[in-house]
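Student: Take this structure first; my questions come after.
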Ligand SMILES: Cc1ncc(COP(=O)(O)O)c(C=O)c1O
């Protein structure tokens, strides 16, 4: 063992061997770091093992062991007669990686962006307990070759919840665990593409990510307008007739971002259309848990399990970082089920088991109850602040979810307001971000209140008002 620290230059790299670990391991680690950090570059020669051993005061065996391990990893090349060099195609150095990494966007102090739940109130203790339960109770079957459609315990927990909270009666076997709604959409769109579909009717405006992943899987988005009753089903049927599209992606319970619930007559019209064309309705049920002024609307899937695929995730109730969602394919569209389980693998089984434990022991329900009360209070405080700082501007989409739509004075450029708000450390989304067709519509901002510290809410709105005033 090296008894203290030894430093030697190898080419341009200072190799440090610290005490406390076998010397050949220390040398290997130090050389690897030198390559990764770009201090030794591809093609650089390393000293002959005998010379380096002498320099370091170690046996030659130590050096040949370290070189041998790095050659096996592909970091070094050893050719007879040519000595040992850093491999020409060695790993990207950390410096190179840093150069291509996207800059990290600092989160603004006043986050009025939509879509992020309150991260300060994650049920961390309950999650730790759930992880413990998962680790303690995982069976060999859970740990080796788990079902790619998800572990049975989580599929069952999800099926149970969907029955109680969304009136969706589904066998656990029909639930597919995904990495989230976007992953569910990717899988479904790929399956439908493989079955010959080439387009998808999408709400305009809508969340870009889901239509983008559908497009990436080969389904061309066809925009359909939205009004205060949700997606315009007459326009949808017309667009379907024009384009031959037989898949529709919608947010019936809470249109994103407008905030409308799909009117009952339109729900029926949508189902009628899907049945008449052998089509599929994909229901993005993204924030069904948060309803304030009205009774929760049952999922569209409850009305037509034959034609409706349901997408959901933990992204709004817990955080996107959980990376867990679900997909229930329509009962009567075999093509929509084909290969769902093999397109991407399920989340790690231990993580799924922990989610199952969280959902099953009531901690998740308690979290949802207190989150709902918190968001309801915060929404009321937001309305008071908007009335104080931006009196008279229309606020819509209030009855559910984690955001509202704030109409701006006519003629104001919503993008400019967002930019001016950003200068004041406030994040708010111009409504244009979600639109597809470049129609002239009243300027608006989508204002989220999920991840805003209560004590900062009034200040956030005051700053936003200053941005609106500057842009007016
Ligand atoms: C409309 C909509 N659907 C779904 C989601 C959730 O997507 P995922 O589960 O992929 O995080 C979001 C999240 O922002 C959303 O805004």
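Student: Return the FRET efficiency for the residue pair residue 228, residue 128: r is the Cβ-Cβ distance, R0 is 41 Å, and the value is rounded to the nearest 0.05.
Tutor: Step by step, r from the Cβ atoms, then E = 0.40.
Student: Another one. Hey, what angle do you get for helix 349-360 against the long axis of the chain, alpha-carbon based, 0 to 90 degrees rounded to 10?
Tutor: 40
Student: Could you tell me how many degrees, from 0 to 90 and to the nearest 10, lie between the Cα long axis of helix 23-36 and the main elongation axis, the longest principal axis, of the Cα atoms of the chain?
Tutor: For helix 23-36, the angle is close to 50 degrees.
Student: Relative to the present Cα-Cα distance, how much length would full extension add between residue 21 and residue 51 at 0.36 nm per residue of separation?
Tutor: Answer, rounded to one decimal: 8.6 nm.
Student: Based on the alpha-carbon gyration tensor of the chain and its eigenvalue square roots a ≥ b ≥ c, which shape applies: rounded if a/c is under 1.5, prolate if not and a/b is larger than b/c, or oblate?
Tutor: prolate
Student: Same structure, new question: Which angle from 0 to 90°, rounded to the nearest 10, does the C-alpha axis of helix 363-389 make with the longest principal axis of the chain?
Tutor: That helix lies at roughly 70 degrees to the long axis.
Student: I would also like to ask the following. When a/c is below 1.5 the answer is rounded, else prolate if a/b is larger than b/c, else oblate, so apply that to the range 122-361 with a ≥ b ≥ c taken from the square roots of the Cα gyration tensor eigenvalues.
Tutor: prolate
Student: Still on this structure: For the range 356-390 and the range 258-319, write down the distance between their C-alpha centroids in whole Å.
Tutor: A separation of 22 Å, based on Cα centres.
Student: When the chain is fully extended, how far beyond the present Cα-Cα distance does residue 272 get from residue 60, taking 0.36 nm per residue of separation?
Tutor: Working it through step by step, the gained length comes to 68.3 nm.
Throughout, read-outs are computed from the coordinates displayed, never taken from laboratory work. Worth saying up front: this structure is predicted, and the values here are computed from it rather than measured. Ideal geometry is used to build each Cβ from the backbone, glycine not excepted, and the neighbour counts take in all protein chains shown.
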